[in-house]
Structures are given as structure tokens and as C-alpha cells.
Amino acid sequence: MTTYGTIPTASSSGGKGLEFISREKERVRAVLETRRPWKEMVHWHAFSVPPSLGDAYIRIRTNGGYFTMNYAIVVLVIIVLSLIWHPISLIVLAVMMIAWLFLYFLRDEPLVIFRRAISDGVVLCVLSLVTLVALFLTNATYNLIASLSTGLVVVLIHAIFRKTDDLCLAEGGGGWYSVIGETRGETSGSP
């Protein structure tokens, strides 16, 4: 019996690799679905100067939670654009992003090395250290610091001047604040 042109399924090939790939694709898709429409983010009539410093802080928190994925994309695009003239650094950044995705963000189970479970804190520290050393060795440190600072300033300016009264805050959680609040035992709606 020939099986030319057939797509292997979990039952025909053991399925471990295919299950992993499809599960990770779904997780990446779910994360990217938290991105808000760009038209909503840059709607011209939704910008104004905040009346007070307290209102600016509230706008930063609200917009930061609402546009989290958009802000992450903006910062990453600025970093990648700054590294175009440093191709080795761009390759190192891409490799480190893949390592972060698979070793930290997209993991369901604890990382096991030599039959020992490695905690998330250790993985976070090691990945941070390896990323910093790898990027430092590419001689693009100042370029990365400048582009990261530029990205953060752009995000902060948008968060301050983007009004929050037209945002649909009830529909999808509070972005990073809901994640942080849950780890501390708080609810996502608390200030």
C-alpha cells in the first residue's frame, strides 16, 4: 500500500513531533490574537494631552495593558531596524528570540536536564545572561541600548497621549497587569 502525498497523522508517525508543532502553533496564534487593530491604536481623534500627571499615569497603565502586544511589536521592529547594519547581531538576536520562545515562553512543562527539573527563575536568569553576553560580543551593545530606549520612549509617548475612554476594556483582560496581578495573588481588576 503506497502512501505518497499523504499527510502523516499522530497515529501513523508516533505523533510526538507533530503534536508539539501544532500545539505551539496554536499557542503562538493565541498570543498574536491579543494584538489590537493598528487603526484603533493610531486613531487620530483619540489623542490628547492628559489634564494631570495622575491621568497620564492612568493612561500609561490602561494603554499598556490594552496595547501590550502592539507595543512589543513596535519595540521589536525598532530593534530589528537598528540592527540591519549589524547582520551578525541580527542573526544572534533571531537565535536568542527562538531560544526564549521555546525555552521560556512556550513551555508547558518544566525544563528537565539530566533528569532534574529546572525552575523558571533559573531558566530566566540563564537566558538573560546568555542573551546579554551574546549581544555584547557582537559589538552592537550601544546600538541595542539606543534602539531599546527609542522604542520605550515611543511606546511611553503613545501611552501618555492616547485617550482611554474609547477602549473596550471589558473584552480581553488587562494584558501584562492581569498576569502580574495573578502571580501576586491579586485580581486583574485591582489597581
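The values are calculated or read from the model by the stated rules, or taken from the named source; none is laboratory data. A quick note: this is a predicted structure, and the numbers were derived from the prediction, not measured. Using ideal geometry, Cβ is built from the backbone for each residue, glycine included, and neighbour counts are taken over all protein chains shown. Just the protein is used for accessible areas: all its heavy atoms, side chains included, with ligands, DNA and RNA removed. Shrake-Rupley method; radii C 1.70, N 1.55, O 1.52, S 1.80 Å.
Under a 5 Å amide H to amide H cut-off, with H placed in plane at 1.01 Å, what residues pair with residue 118 once short-range neighbours are removed?
It is 111, 112, 113, by chain and number.
What is the stretch 50-171's relative contact order, in percent, from Cα pairs under 8 angstrom and six or more apart in sequence? Numbers along the way, then the final one.
On the way: 75 pairs, mean separation 57.8, N = 122.
Reported as a whole number, the value is 47 percent.
Please sort 114-127, 54-67, 145-158 by packing, taking for each peptide the average over its residues of neighbouring beta carbons within 10 angstrom, highest first. Show your work: numbers first, answer last.
Numbers: 114-127: 10.8, 54-67: 18.1, 145-158: 15.0.
Going by the mean number of other Cβ atoms within 10 Å, highest first, we get 54-67, 145-158, 114-127.
Sorted by packing (mean other beta-carbon atoms within 10 Å per residue), highest first, where do 70-78, 91-99 land? Mind dumping the intermediate values first?
Working: 70-78: 17.2, 91-99: 14.3.
Per-residue mean Cβ counts within 10 Å order the peptides as 70-78, 91-99.
Could you give the length gained on full extension between residue 84 and residue 118, defined as 0.36 nm per residue of separation minus the Cα-Cα distance, in nm?
Details: separation 34, 0.36 × 34 = 12.24 nm, distance 3.51 nm.
Contour length minus Cα-Cα distance gives 8.7 nm.
Could you tell me the ratio Rg/Rh of the stretch 50-171? Both radii from Cα atoms, Rh via Kirkwood. Present the calculation step by step, with values, prior to reporting the outcome.
Details: Rg = 17.9 Å, Rh = 16.8 Å.
Over the Cα atoms of the stretch 50-171, Rg/Rh equals 1.07.
State the percentage of accessible surface on the stretch 50-171 attributable to carbon and sulfur atoms; use a 1.4 Å probe and exclude ligands, DNA and RNA.
Numbers: 5860 of 7760 Å².
The value for the stretch 50-171 is 76 percent carbon and sulfur by accessible area.
Please list, in order along the stretch 73-81, the HN-Hα scalar couplings obtained from phi with the Karplus expression 6.51 cos²θ - 1.76 cosθ + 1.60 (θ = phi - 60°), rounded to whole Hz, x for Gly and Pro.
My calculation for the stretch 73-81 gives 5, 4, 5, 5, 5, 5, 5, 4, 4 Hz in order.
Pulled fully out, how much extra length does the chain show between residue 46 and residue 157, if you take 0.36 nm times their separation in residues and subtract their Cα-Cα distance? Mind dumping the intermediate values first?
Values: separation 111, 0.36 × 111 = 39.96 nm, distance 1.35 nm.
Between residue 46 and residue 157, full extension yields an extra 38.6 nm.
Which is farthest toward the positive dipole end of the stretch 50-171 among 126, 102, 53, measuring Cα position about the Cα centre, with Cβ charges +1 (Lys, Arg) and -1 (Asp, Glu)?
Projecting each Cα onto the dipole axis, the largest value belongs to 126.
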